[in-house]
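Heads up: the structure comes next, in structure tokens.
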Amino acid sequence: MTVRDILIHPDPRLKKVCPPVAEFTPELRALADDMLQTMYEAPGIGLAAPQVGEMTRLLVMDCVKEENAAPRPMVLINPEVTWTSEEMNTYEEGCLSIPEQYAEVERPAEVSVAWLDIDGKPQEEQFDGLWATCVQHEIDHLNGKLFIDYLKPLKRQMITRKMVKLKRERARL
Ligand code: K2U
Ligand code: ZN
């Protein structure tokens, strides 16, 4: 397993709609393992393949917060939202591709998602709470959408300018 570099916004690869996974290969399993390791190491509770430069519809998440609770690493391939609740929920979101920036985003409080697991087996589950926020945030990544796209233009531009500066500084190191 390898910890992968996480792309930082602005990056054209973070704005692309990713093509679906076509075949279940050992390389796909290795990518999922690398993404889980990268996510835990960040640390984060979710990570989408385009964030590590892999343009494919695969995401990982583990939103278990309790310290002594067992982790629940999940790998979702070709995920699709099949139902959303009327009720909305607002959460102060962050993003591993937009470090140190946080803003309130409103999303459906509950979602049902259908996906294929790492063995290609169809799964379907209803998520609520932080799991619902996270899975919607990750599926947005597969469609080239970032949480800052929900913000007012001025706020989005301010965050983008900060990231451009951060990337310039990191490039100098
Ligand atoms: O996609 C990502 O960048 C991973 C995010 C997922 C996420 C963002 C906002 C709300 C829920 C999930 C990272 O996990 S950001 C770090 C983080 C950690 C705990 C709670 C919220 C965000
Ligand atoms: Zn993100």
Original post:
So what's the back-of-envelope 222 nm ellipticity for the chain, counting only DSSP H runs of four-plus at -39500 (n - 2.57) apiece and dividing by all residues, rounded to 500?
Top reply: -9500 deg cm²/dmol
Original post:
Under 13 Å Cα-Cα from Lys162, which aspartates and glutamates qualify once same-chain neighbours fewer than 8 residues away are excluded?
Top reply: Glu100
Original post:
So what are the ³J(HN,Hα) numbers for region 105-113, from phi and the Karplus equation (6.51, -1.76, 1.60; θ = phi - 60°), rounded to whole Hz, Gly and Pro as x?
Top reply: 10, 9, 9, x, 5, 9, 9, 9, 10
Original post:
How high is the relative contact order of the chain, in percent, counting Cα pairs under 8 Å that sit 6 or more residues apart?
Top reply: 24 percent
Subject >> Whole-number accessible area per residue in Å² for region 1-154, which is evaluated in the context of all protein chains at 1.4 Å >> reply: 51 Å²
Original post:
Do any of Lys121/Lys167; Lys16/Lys65; Lys121/Lys152; Lys16/Lys121 go past 29 Å between their Cα atoms, and which?
Top reply: Lys121/Lys167; Lys16/Lys65; Lys121/Lys152
Subject >> Under the Karplus curve 6.51 cos²θ - 1.76 cosθ + 1.60, θ = phi - 60°, whole-Hz ³J(HN,Hα) for region 115-122, x wherever Gly or Pro sits >> reply: 7, 10, 7, 5, 9, x, 8, x
**OP:** Return the carbon/sulfur percentage of the accessible area of the chain, one whole number, probe 1.4 Å, all protein chains in place.
**Re:** 52 percent
**OP:** Specify whether the C-alpha gyration tensor of the chain places it in the rounded, prolate or oblate class, a ≥ b ≥ c being the square roots of the eigenvalues: rounded for a/c under 1.5, otherwise prolate if a/b is larger than b/c and oblate if not.
**Re:** oblate
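The values are calculated or read from the model by the stated rules, or taken from the named source; none is laboratory data. Treat the numbers as computed from the prediction; the structure is a model and nothing was measured. Side chains included, ligands, DNA and RNA excluded: accessible areas come from the protein's heavy atoms. Shrake-Rupley method; radii C 1.70, N 1.55, O 1.52, S 1.80 Å.
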